[in-house]
Amino acid sequence: YLSYTYKQSLYFPHITIMKKIISLFKRDYEGTRLVYDEIVHGAEWVVAGEGIATVKWDGTSCMIKAGVLYRRYDAKQGKTPPQGWIEAQEADPVTGHWPGWIACQRNNPADRWHFDALSFGVVPGYDTYELIGPKVQGNPHKQTEHKLIPHGQATIPDAPRTFNELKAYFEANPAFEGIVWHHPDGRLVKLKRRDFGLPWPVK
């Protein structure tokens, strides 16, 4: 019931820095907190048919740059970033989130599963990956080993682009958390099952 393909994409061969991704639809923050049928400014290109839909994995973001493995680190709420931290984007003035990257260390227990996944190898040609596996996020993808999945590698050729069709698509395809659309110029837009009030992970 899940239609996507794994392939090295020449359309978006890598993502240099992983910034916060805008949603496709606006959210009712004052009521249900679910999305409604109105496009977020800057996401119009998705419904115009531009870009490619890819699987949104439910794990934790990583980066490999110059042979170094990095993990996501959010210096939120005024926290001082650790030495060597690489900023992904400026701090959000509303939420206080300030995402970036910090190099993984072999002797740090928090990085154990990152190196475990790295030992199985990675697909070349990408900068950022999603770490998934038995010890990550409750393992919603039911993996037996840890893996580094390239962002943008698993495309979804049959993904629709309208509100009602997308809701129906998520209802019929419970195996993944959401969709991320990639534009050739690097822009990204996302949509999750939970945005519609649909459960994740699906029991």
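What percent does the relative contact order of the chain come to when contacts are Cα pairs within less than 8 Å and at least six residues apart?
Details: 384 pairs, mean separation 63.2, N = 203.
The value is 31 percent.
When you count, for each residue, the other Cβ atoms within 10 Å and take the mean per peptide, how do 76-84, 167-175 rank with the highest first?
The packing order, highest mean first, is 167-175, 76-84.
Could you give the alpha-carbon Rg of the chain over 2.2 N^0.38 Å, rounded to two decimals? The partial results should precede the final answer.
Working: Rg = 17.1 Å, N = 203, 2.2 N^0.38 = 16.6 Å.
Relative to the 2.2 N^0.38 Å estimate, the chain comes out at 1.03.
Distance between Cα centroids, segment 150-203 to segment 66-97: provide it in whole Å.
26 Å
Using just the helices of the chain, give the 222 nm mean residue ellipticity in deg cm²/dmol: DSSP H runs with n ≥ 4 each add -39,500 (n - 2.57), and the total is spread over all residues, rounded to 500.
Working: 3 runs with 21 residues, N = 203.
Estimated from H runs of four or more residues: -2500 deg cm²/dmol.
Taking θ as phi - 60°, what are the ³J(HN,Hα) couplings along segment 177-183 by the Karplus curve (6.51, -1.76, 1.60), each to the nearest whole Hz, with x for Gly and Pro?
Working through the residues one at a time gives 6, x, 10, 10, 8, 10, 8 Hz.
Angle check, please: helix 163-172 long axis (alpha carbons) against the longest principal axis of the chain (alpha carbons), in degrees 0 to 90, nearest 10.
Once rounded, the angle reads 60 degrees.
Whenever you get a sec, line up D158, D92, D111 from highest to lowest accessible area (probe 1.4 Å, protein heavy atoms).
Details: D158 75, D92 40, D111 0 Å².
Correct descending sequence by accessible area is D158, D92, D111.
Express the accessible area of segment 71-203 per residue in Å², computed with a 1.4 Å probe while the remaining protein chains stay in the model. Present the calculation step by step, with values, prior to reporting the outcome.
On the way: 6810 Å² over 133 residues.
That works out to 51 Å² for each residue.
For V40 and S119 in one chain, what is 0.36 nm times their gap in residues minus the Cα-Cα distance, to one decimal in nm? Each step should come with its number before you reach the end.
Working: separation 79, 0.36 × 79 = 28.44 nm, distance 3.98 nm.
This chain segment gains 24.5 nm when fully extended.
Work out how much length D28 to A175 would gain on full extension: take 0.36 nm times their residue separation and subtract the Cα-Cα distance, in nm to one decimal.
Working: separation 147, 0.36 × 147 = 52.92 nm, distance 2.58 nm.
The D28-A175 span can extend by a further 50.3 nm.
5 Å is the cut-off here: which amide hydrogens, built 1.01 Å from N in the peptide plane, fall below it relative to D127, excluding neighbours closer than 5 in sequence?
Here I15 satisfy the definition.
Rounded to whole Hz and in sequence order, give me ³J(HN,Hα) for segment 89-97 from the Karplus expression 6.51 cos²θ - 1.76 cosθ + 1.60, θ = phi - 60°, writing x for Gly and Pro.
Karplus-based 3J(HN,Hα) across segment 89-97 equals 6, 5, 5, 6, x, 8, 8, x, 5 Hz.
If DNA, RNA and ligands are ignored and the probe is 1.4 Å, what is the ranking of W181, W57, W98 by accessible area, most exposed first? Working shown, then result.
Values: W181 0, W57 25, W98 65 Å².
Ranked from most to least accessible, the order is W98, W57, W181.
Taking θ as phi - 60°, what are the ³J(HN,Hα) couplings along segment 71-88 by the Karplus curve (6.51, -1.76, 1.60), each to the nearest whole Hz, with x for Gly and Pro?
Once rounded to whole Hz, the list reads 10, 5, 9, 9, 7, 7, 6, x, 5, 6, x, x, 4, x, 5, 10, 5, 8.
With the chain treated as a Gaussian network of Cα nodes joined by springs under 10 Å, which of T128, T32, T60 yields the largest mean-square fluctuation?
For the chain, modelled as a Gaussian network with Cα springs under 10 Å, the answer is T32.
The values are calculated or read from the model by the stated rules, or taken from the named source; none is laboratory data. Bear in mind that the values here come from a model prediction, so they are computed numbers and not experimental data. All Cβ positions, glycine included, derive from the backbone under ideal geometry; neighbour counts span all protein chains shown. The accessibility values were calculated without ligands, DNA or RNA, using every heavy atom of the protein model including side chains. Shrake-Rupley method; radii C 1.70, N 1.55, O 1.52, S 1.80 Å.
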